[in-house]
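These notes are about the structure you will find just below.
The values are calculated or read from the model by the stated rules, or taken from the named source; none is laboratory data. Please read all numbers here as calculations on a predicted model, not as lab measurements. Cβ atoms come from the backbone with ideal geometry, glycine included; neighbour counts cover every protein chain shown. Surface accessibility is based on the protein's heavy atoms, side chains included, excluding ligands, DNA and RNA. Shrake-Rupley method; radii C 1.70, N 1.55, O 1.52, S 1.80 Å.
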Amino acid sequence: MGRTLQNTMINLGLQNACDEAVYQLGLDMEELEEIEEDAGLGNGGLGRLAACFLDSMATLGLAAYGYGIRYEYGIFNQKIRDGWQVEEADDWLRHGNPWEKARPEYMLPVHFYGRVELSASGAKWIDTQVVLALPYDTPVPGYMNNTVNTMRLWSARAPNDFNLRDFNVGDYIQAVLDRNLAENISRVLYPNDNFFEGKELRLKQEYFVVAATLQDIIRRFKASKFGSTDSVRTVFDSFPDQVAIQLNDTHPAMAIPELMRIFVDIEKLPWDKAWDITKRTFAYTNHTVLPEALERWPVDLVEKLLPRHLQIIYEINQRHLDHIASLFPNDVDRLRRMSLIEEGNTKRINMAHLCIVGSHAVNGVAKIHSEIVRTQVFEDFAALEPEKFQNKTNGITPRRWLLLCNPGLAELIAEKIGEDYVRDLSQLSQLHKFVDDDLFIREVAKVKQENKVKFALYLEKEYKVKINPSSMFDVHVKRIHEYKRQLMNCLHIITMYNRIRRDPAKLFVPRTVIIGGKAAPGYHMAKMIIKLINAVAQVVNNDPMVGSKLKVIFLENYRVSLAEKVIPATDLSEQISTAGTEASGTGNMKFMLNGALTIGTMDGANVEMAEEAGEENLFIFGMRVEDVTELDRKGYNAQLYYDRLPELKQAVDQIKSGFFSPKDPNLFNDVVNMLFHHDR
C-alpha cells in the first residue's frame, strides 16, 4: 500500500489546505511525509495491483472490501553491503500505525488440525486447535466523492485458554509462552515473488485469511436485509447476487472448499445447491504462467492441517472427473491432465485447477497473457468452458501514480484539458491537439527536467555519487528475477562501457543507468545478479576515461515510496522480460503516464501500450512469443551467439575473467555457467 498520508489528503481535496496549515506551524509537509513508514504487505505487482484496485473501486463508488493479513513484518528492508543484498526485518509498526483501527468486536475463530467425524447428520470437524482472527480496519477514500471503503486486515491472536484447557497438569508459564505459536501466523510476509514454497506456515496463512474473511462476509450477509434472519436457517439463494469474491491468484484458493464446508456442514445445504452458489460467487484472476510459481500443495500436508477440506476437494474432483469422463469416454490422459490432484512421488493439489473448477470466471491480466492462459496453460479447461475465460488488462491508479508523485505534470495537463481526466484517463487523448504546441512541449520537458534535478539531488545525498541531471535517466526497477532480465541490462551496461573506452572521442549520449529491486532471500541467482550489477557499477563509476558519460546506480530498498520519486524522473523505462513471461507488468504503465519513453519486448501489457501509443513511439525489440516457442523447439545454443558477436564475447569474458571481481576472479562462475548451459 505504501504511505497513506498524502494519498488521503489528495483524495479528500485537502492537500493545499494541509500544506498551508503545516507551513504556518513552521513545518515542512514533505519532511513530515518522509517520516511515515511504507506499508509493504505484498511482494510486487500482484500486491500493488490490489492496492490500486482499492483506490479505483472507492473512486468508482463501489461497495468493496479488501481483505488480507496484517503482517507484523512486511517485505524485508534491503541493505546493500559490499555489493551484496542483506535483509533486515521490516518493523513497520514500531511507532504505531495511525491509519488502522482494531475491531475486537468482530474477532472470529479459525480452526486447524483435528479430525473429521462422520455421522448420520453429516461430517463434523472436531478436536481442532483454535486461533482468533482480530480485524484491523484501514479507511480507503475515493477521489473527491465522499466515499470511504474499508481494507480489513486480520491479525492472529491466541485464545486465552490456549494450551491451558487440555488436561495440562502444569507448566502455566510455558503455556503462556506457547501463545506465540498461534500468533506467528500473522508474523511475517513470505518474500517470494513468482515462486511457490510449500511451507506449512504459509498454508496456515492462506487458510487463516480465507476462513476469517468468509465468516465476516456471511455475518454481513445474514445481518443485511437481503438474507432473512430466520433463526433456523438463512436462505442463501441470493448470496451470489449480493456477494462477489475475487481470488487474487491462487493464494486464497482454500476459500472454495471453505465456503462449501460452511454451506454443507454448517448450513446443511445439499451439495449441488452449495456448489452452484459457490461457483457463482467466486471468480479467479491468474497472475503468472511460470511453472515454478504455481501452487501445488502436498496432499499429506493439507490432510494434517485441514482434513475436512481435503475430503471436500476430493469430492469436488470426483464430480469434476465424472463429468469429463462422460464427455470424453476412455480419454484417461485428459482426466490425468485436468485432475485437481497430481499423482507422483508426492500427491499434490493443483490450486489453479481448483480455482478454475470452482469459479464462474477466470481472467488473465493482459491480452497476450489471457491468450496464453486460454490456449496453452489451461487449454483443456478452455475447451470445456470457453465462455469462462476472459481478459482484464491490469491498470494503475492515476491518483497515486500521477497527481501524488508528479504534481507538476498533472497541473500542466489540467491547464490544457481540465481536471476530469483524473477519474478518466481516456481523456488524455485530448492532448493530441497540442502535439505541435511548442510552448506546451517545452513546459512538459521542463517538468521532466525539474523532476530529474530533484531526484539527482536525492541520489547524491543517499549514494554520494555526482549525477549529471542532463544525462538520460535509464531506469529498470522491479523485483529481481531471471525472466525480467536485469542480467541482459547489465550486459548492455558493460558493452556501453567498452564502447566508451574503445573510442573516448566518439559522441556518446550521457546516461545514468538506475537498476533497483529486491531478490527473494533464497534466490541465489537473483542475489548474484545484484552483486554483479554493483561490481560493474564499482568499475564504471570510478573509471576516469568514462567520467560523467556513464554512471550506474543500484537503487537500494526499492518500494512504493521510492517508486514515487524515481518514476517521474525517468527518461527511459526498461520493460525487457522474455516474451511470454511477464503476465502484464504495471510499472510499464506508471513510467508512460509520467512521460518516459519505453524500451521493451512484446510481452504483457507492453503489447497493448504499443497498440495504443503507436509502435513507432516505443522502442520495441527482441523475439515475439512465436519466436521463443520456435527457438525452444529447435534448441537454444548460447555458444553460437558468443562466437558470433565480438562485443558480447568481450563482456562475458570480462565477467568470467574477474575483470569486475579482481579479488575473486571466480565469483561470477555460476552466472556465466547459467548463461551458457541453462538460460531460460
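Summary of computed values
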{"quantity": "Only one of Gly622, Gly604, Gly600, Gly614 that is open to solvent by less than 80 Å² (accessible area, probe 1.4 Å), without any contact (Cβ under 8 Å) to a residue 40 or more places away in the chain, in the same structural domain as Met528 (by the TED database) and on the phi > 0 side of the Ramachandran plot", "calculated": "Gly614"}
{"quantity": "Filter pass, Tyr67 being at pLDDT 95 or above, outside any strand (DSSP E or B) and aromatic (Phe, Trp, Tyr)", "calculated": "no"}
{"quantity": "Any hit, segment 225-233, residues being farther than 18 Å from Pro109 by Cα, open to solvent by less than 30 Å² (accessible area, probe 1.4 Å) and outside the structural domain of Ile480 (by the TED database)", "calculated": "yes"}
{"quantity": "Scan of segment 491-526 for residues that are open to solvent by less than 40 Å² (accessible area, probe 1.4 Å), farther than 12 Å from Lys551 by Cα and within 24 Å of the chain's Cα centre (by Cα), ordered by number", "calculated": "Gly516, Gly517, Lys518, Ala519, Ala520, Met525, Ala526"}
{"quantity": "Top-ranked residue of segment 422-452 - restricted to ones that are within 18 Å of Met589 (Cβ to Cβ) and of a type in the set (S, T, N, Q), ranked as surrounded by the fewest Cβ atoms within 10 Å (Cβ to Cβ)", "calculated": "Ser426"}
{"quantity": "Filter pass, Asp216 being at pLDDT 95 or above and either surrounded by fewer than 20 Cβ atoms within 10 Å (Cβ to Cβ) or not assigned by the TED database to the domain that holds Gly517 (or both)", "calculated": "yes"}
{"quantity": "Leading residue by the ranking (nearest to Tyr71 (Cα to Cα)) among those in segment 161-194 that are part of a helix (DSSP H, G or I) and not aliphatic (A, V, I, L, M)", "calculated": "Ser186"}
{"quantity": "Residues within segment 242-261 that are part of a strand (DSSP E or B), open to solvent by 10 Å² or more (accessible area, probe 1.4 Å) and within 22 Å of Glu197 (Cβ to Cβ), tallied", "calculated": "1"}
{"quantity": "Segments classed as strands (runs of 3 or more DSSP E), wholly inside segment 80-160, with at least 3 members that are farther than 30 Å from Ile530 by Cβ", "calculated": "108-112, 115-119, 122-126, 129-141, 148-157"}
{"quantity": "Counted residues, segment 87-116 - those being surrounded by 12 or more Cβ atoms within 10 Å (Cβ to Cβ) and more than 30 Å from His524 (Cα to Cα)", "calculated": "16"}
{"quantity": "Segment 436-480 - residue that is acidic (Asp, Glu) and modelled with pLDDT under 95 and, of those, nearest to Asn43 (Cα to Cα)", "calculated": "Glu462"}
{"quantity": "Those residues of segment 352-369 which are open to solvent by 10 Å² or more (accessible area, probe 1.4 Å) and in a helix (DSSP H, G or I), in sequence order", "calculated": "His353, Val357, Lys367, Ile368"}
{"quantity": "Among the residues listed as Trp297, Trp271, the single one being aromatic (Phe, Trp, Tyr) and open to solvent by 10 Å² or more (accessible area, probe 1.4 Å)", "calculated": "Trp271"}
{"quantity": "Candidates Glu385, Glu343, Glu419 - the one that is open to solvent by 20 Å² or more (accessible area, probe 1.4 Å), of a type in the set (Asp, Glu), more than 30 Å from His251 (Cα to Cα) and out of contact with any Pro (no Cβ under 7 Å at 6 or more places or on another chain)", "calculated": "Glu419"}
{"quantity": "Matching residues, segment 15-68, being over 14 Å from the mean Cα position of the chain (by Cα), within 16 Å of Leu403 (Cβ to Cβ) and open to solvent by less than 60 Å² (accessible area, probe 1.4 Å)", "calculated": "Gln15, Cys18, Asp19, Met29, Glu33, Asp55, Ser56, Ala58, Thr59"}
